[in-house]
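S.K.: Handing you a structure now.
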Amino acid sequence: MSKKQESKGWSFNLDKAPNKENLKDPLGFKSSINDVVVRNSGKKNVTQTEVLENKAWEFAKSPSKQIFVTLFMFYMTGTGLSIWTIMITCAFVMNPLKSIFGVNQAFVPFENKQINLLLPKLTYVFFNAVMLAGALYKFSIMGIIPVAPIDWVGLISSKVPIEHSQVVVFN
């Protein structure tokens, strides 16, 4: 490279600035999250905590949008025992379980000292439990989960009679 091209680049060295402590904040910078104001199409001002709370509720209700798709998939796969039906139903059991056990990690982006996330978390767990119950019902219809009395017959012991009677017939 020639010396002309090297000198065209920008270079900033703030280590040599006379008063580093007196530097002004950049334009639009707010030191506290409560100072941030989000404009919602010019109608009203909404704070960052309200936006986070609304997003948390949207995320908590998101599993409810999958319930009808899940029910449709259950209908389309039928009740016959096949590897395809079992794999789809197992997937519909595992995904809600993973979501229920990972509820705290799922709500980390919405955590703020001013937001109570208990109700959104309970809503999220509820909708995932509904999907899990649907998958367990599908397993019971398929006959994989023993729910009928006939499934437990092998565990019932037969009664031992107290006495026997016998009839002898002579010709």
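S.K.: Please compute the net charge surrounding PRO96, taking Lys and Arg as +1 and Asp and Glu as -1 over other residues with Cβ under 14 Å from its Cβ.
M.R.: On the way: positive: LYS65, LYS98, LYS138; negative: none.
Counting the neighbours of PRO96, the net charge comes to +3.
S.K.: Which value in nm describes the separation of the simple spin-label points at ILE150 and VAL130, placed 7 Å from the Cα toward the beta carbon?
M.R.: Computed distance between label sites ILE150 and VAL130 equals 3.3 nm.
S.K.: For GLU53, what charge total do you get from the other residues with a beta carbon under 14 Å from its beta carbon, if Lys and Arg give +1 and Asp and Glu give -1? Kindly include the intermediate steps, with their values, before the conclusion.
M.R.: Values: positive: LYS55, LYS61, LYS113, LYS121; negative: GLU50, GLU58, GLU111.
Summing Lys/Arg as +1 and Asp/Glu as -1 gives +1.
S.K.: Lys and Arg at +1, Asp and Glu at -1: add these up for the other residues within a Cβ distance under 14 Å of ASN116 and post the number.
M.R.: Once all neighbours under 14 Å are counted, the net charge is -1.
S.K.: Starting from the eigenvalues of the Cα gyration tensor, five times each then square-rooted, give me the equivalent ellipsoid semi-axes of segment 55-144, largest first, whole Å. Working shown, then result.
M.R.: Values: eigenvalues 184, 25, 17 Å².
Value: 30, 11, 9 Å, ordered largest first.
S.K.: Which value results for Rg/Rh of segment 92-171 when Rg is the Cα radius of gyration and Rh the Kirkwood radius based on the inverse mean 1/r? Mind dumping the intermediate values first?
M.R.: Details: Rg = 26.4 Å, Rh = 17.5 Å.
Rounded to two decimals, Rg over Rh is 1.50.
Rule-based calculations on the coordinates, nothing more; no lab input. Everything numeric here is computed off the predicted structure, so don't read it as measured data. Cβ sites come from the backbone with ideal geometry, for glycine too, and all protein chains shown count toward neighbours.
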